[in-house]
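The values are calculated or read from the model by the stated rules, or taken from the named source; none is laboratory data. Small disclaimer: the values here were computed from a predicted structure and weren't measured. Because the Cβ atoms are built from the backbone with ideal geometry, glycine has one as well, and the counts that use them run over all protein chains shown.
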Amino acid sequence: MKKIFAGIALISLSAFASAQTISFDRTTWDYGKIKPGSDGHRYFTVKNTGDKPLIISKVQASCGCTTPEWSQDPIMPGQTSKIKVGYNTNLVDPNGFQKLIEVYSNDPANSRSVIYIKGAVDPNAPEATVNEAVNDVKQAAKKTGEVISKTAKRGAKAVKAGAKATAEAWKK
């Protein structure tokens, strides 16, 4: 009987050792003090640190003032994806807000993860600085650059394959 339980335990452990694993670049996004009507969108980066595809099945905010968006595509091992979280910044509350967002995935150890957003919407908040605007542009450029880089790599592979096929055709 002990051997049977030991065998079941060993199989269970090996299933967890070889699995998809969710991790986040951060678990809390602090907006700081922002003006009403400011851009309420922030991004969390999700990474699959396991060795099997990670699937985010559901992302649910704690209230209707927060709207999450995510890709339904599997996140392959070592790859990342983004969860876009929007907060309604027209809700003025100088005392602040803290909202939780539940992320459900097929990670066997963390099928439910929790991330947070917090901040304060205050009409007296300082205007966004030039540095903040520059950082926003840098983030957008980085995302665009990642897409361009992936496209360029695919294009380079296609060119190499075409060149190889052409060279082989000339040999004949």
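Of note:
- Residues that are touching a helix residue (DSSP H, G or I) at 6+ places or on another chain (Cβ under 7 Å) and at pLDDT 90 or above are absent from the range 114-137.
- Of the residues contained in the range 55-70, one or more are found to be outside any strand (DSSP E or B), surrounded by 14 or more Cβ atoms within 10 Å (Cβ to Cβ), at pLDDT 95 or above and aliphatic (A, V, I, L, M).
- Unique residue being surrounded by fewer than 16 Cβ atoms within 10 Å (Cβ to Cβ), touching a Gly at 6+ places or on another chain (Cβ under 8 Å) and not in a strand (DSSP E or B) when the list is PRO126, PRO108, PRO77, PRO36: PRO77
- Filter pass, GLN98 being among the polar types (S, T, N, Q) and over 17 Å from ILE22 (Cα atoms): yes
- Filter pass, ASP73 being over 14 Å from the mean Cα position of the chain (by Cα) and assigned by TED's automatic domain parsing to the domain that holds THR27: no
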